[in-house]
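*Asks:* Before I ask anything, let me first share the structure, which is written out below as structure tokens.
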Amino acid sequence: MSDSTPQRNVIALLPEACTSCMVCVRECPSWCISVESHVEEVSEEGARRPRTVNVLDEFTIDYGLCMYCGICIETCPFDALAWRDSFDYPSGDRQGLRQDAVDLSRWWTTGS
Amino acid sequence: MTQTTAIIDIAADEWVAACTASAARGCDVVDWLTAVDTAESLFVLVHLVDPGSSRSEMLRCELNSERPEIASITSWFPGADWHERETHEMFGIDFLGRSQTNALLIRAGDGLSPLRKTAPLDARVRTPWPGQESATGRRRQKLPPGVRAEWTRDE
């Protein structure tokens, strides 16, 4: 990545950092983000009670709706979203503009 | 024009006099006229500029939001005509004393004022909000931002 601020081309997701807190989903003015998650109990040695954690099942951005405002990136409390420079993701159909967690996390490393 | 212009608050019955007084001070061209609905209050604003310099004046008048009306300034400022038509159409403000206020975009007679805060956002009411459910499936916030509870009751 160059030193300059990335252009608003694509939003990359780091699924390990996402806690499914839904802040981006609620703040998105275009309603283009959807998050599915479930709760799991994690037992830790020495802890009195098991801890409950949110586990991310699916994270989708619909680029047919996204207006590239970047509010999701600004509001993410865990820096799980970031701009990347790639723009090569056109699609011939509406469904092709919906990018899931696999697509979005690929931008994190391959997005120039 | 980068300088900031102070807002001068005007009473509704002094609207025309205040605008013509601005014109007498040199600001005799309507840059724009519009309204602002803050949910608590409804204002009409006009930005008058002096084309010979960078000077401008911004006049603001608070209106009765139940029955918003104000005198038209088109007799003194023909350039306000289009802006008054648009403001009438978008905010439902009646501009008194002008010949006619033809709608620009909306079909006449449906009584809609789309830029008023009271105008229901139909698409937002009908579209499921992705932010409704939390991770645990609990409903933390029932309505999306900007959607009023009374709009959803008829559904």
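*Asks:* Cβ under 13 Å from B:I70's Cβ, B:I70 left aside: what net charge do those residues give with Lys, Arg +1 and Asp, Glu -1?
*Replies:* Taking every Cβ under 13 Å from that of B:I70, the sum is -3.
*Asks:* Expressed as cubic angstrom per residue, what is the convex hull volume of the alpha carbon set of chain A?
*Replies:* 118
*Asks:* Hey, for a label at A:Y89 modelled as a point 7 Å past Cα toward Cβ, could you say which residues of segment A:48-64 have their backbone N under 18 Å away?
*Replies:* Counting backbone N atoms under 18 Å from the label point, the list is A:57-64.
*Asks:* Put +1 on the Cβ of each Lys and Arg and -1 on the Cβ of each Asp and Glu in segment A:10-110; which of A:P90, A:I33, A:I71 then has its Cα farthest toward the positive end of the dipole?
*Replies:* Of the listed residues, the answer is A:I71.
*Asks:* Within segment A:1-90, which GluC sites (Glu not before Pro) sit in a loop by DSSP and count at most 11 neighbouring Cβ atoms inside 10 Å?
*Replies:* Taking segment A:1-90 and a limit of 11 other Cβ atoms within 10 Å, the loop GluC sites (Glu not before Pro) found are A:E16, A:E44, A:E45.
*Asks:* Show me the trypsin sites (Lys or Arg not before Pro) within segment B:69-110 that DSSP assigns to loop and that have at most 13 other Cβ atoms within 10 Å of their Cβ.
*Replies:* For trypsin sites (Lys or Arg not before Pro) across segment B:69-110 that sit outside H, G, I, E and B with at most 13 neighbouring Cβ atoms in 10 Å, the list reads B:R107.
*Asks:* Something else: Residue by residue through segment A:28-34, what is 3J(HN,Hα) from phi via Karplus (6.51 cos²θ - 1.76 cosθ + 1.60, θ = phi - 60°)? Round to whole Hz and write x for glycine and proline.
*Replies:* 4, x, 8, 6, 9, 9, 10
*Asks:* In whole Å, what are the Cα extents of segment B:7-96 along the three principal axes, biggest one first?
*Replies:* Result, largest extent first: 39, 22, 20 Å.
*Asks:* While we're looking at this one, here's another question. Relative contact order of segment A:10-110: what whole-number percent is it, with Cα pairs under 8 angstrom and at least 6 residues apart?
*Replies:* The normalised contact order for segment A:10-110 reaches 39 percent.
*Asks:* By how many nm would the segment from B:E40 to B:A6 grow when fully extended, if each residue of separation counts as 0.36 nm and the alpha-carbon distance is taken off?
*Replies:* Fully extending the segment from B:E40 to B:A6 adds 10.1 nm.
*Asks:* Continuing with the same structure: Evaluate the distance, in nm, between pseudo-label points positioned 7 Å from the Cα of A:T110 and of B:L105 along their respective Cα→Cβ axes.
*Replies:* So the label points at A:T110 and B:L105 sit 4.1 nm apart.
*Asks:* Tell me, what HN-Hα J-couplings in whole Hz come from the Karplus equation 6.51 cos²θ - 1.76 cosθ + 1.60 at θ = phi - 60° for each residue of segment B:24-34, using x for Gly and Pro?
*Replies:* 5, 7, x, 8, 10, 10, 7, 6, 7, 9, 7
*Asks:* While we're on this one: Give me A:L13, B:L42 ranked fewest to most by other Cβ atoms within 10 Å of their Cβ, as a rough exposure proxy.
*Replies:* B:L42, A:L13
*Asks:* Could you list B:D9, B:D28 in order of exposure, starting from the residue whose Cβ has the fewest other Cβ atoms within 10 Å?
*Replies:* B:D9, B:D28
*Asks:* Separate question: Longest segment of chain A with no chymotrypsin sites (Phe, Trp or Tyr not before Pro) in a DSSP loop having at most 15 other Cβ atoms within 10 Å?
*Replies:* It runs A:1-67.
*Asks:* Ok, one more. Got a sec to turn the phi values of segment B:58-70 into Karplus ³J(HN,Hα) couplings, 6.51 cos²θ - 1.76 cosθ + 1.60 with θ = phi - 60°, whole Hz, x for Gly and Pro?
*Replies:* 10, 10, 9, 9, 7, 10, 6, 6, 6, 9, x, 8, 7
*Asks:* Are there any trypsin sites (Lys or Arg not before Pro) in segment A:38-99 that are in a DSSP loop and have at most 16 other Cβ atoms within 10 Å? List them by number.
*Replies:* Within segment A:38-99, the qualifying trypsin sites (Lys or Arg not before Pro) (loop, at most 16 other Cβ atoms within 10 Å) are A:R48.
*Asks:* Moving to a separate point now. Suppose R0 equals 35 Å. What FRET efficiency, 1/(1 + (r/R0)^6) with r the Cβ-Cβ distance, do B:W76 and B:A123 give to the nearest 0.05?
*Replies:* The pair B:W76/B:A123 has a calculated efficiency of 0.30.
Throughout, read-outs are computed from the coordinates displayed, never taken from laboratory work. Because the structure is a prediction, the values reported are computed rather than measured. Please note: Cβ atoms are built from the backbone with ideal geometry, for glycine as well, and neighbour counts cover all protein chains shown.
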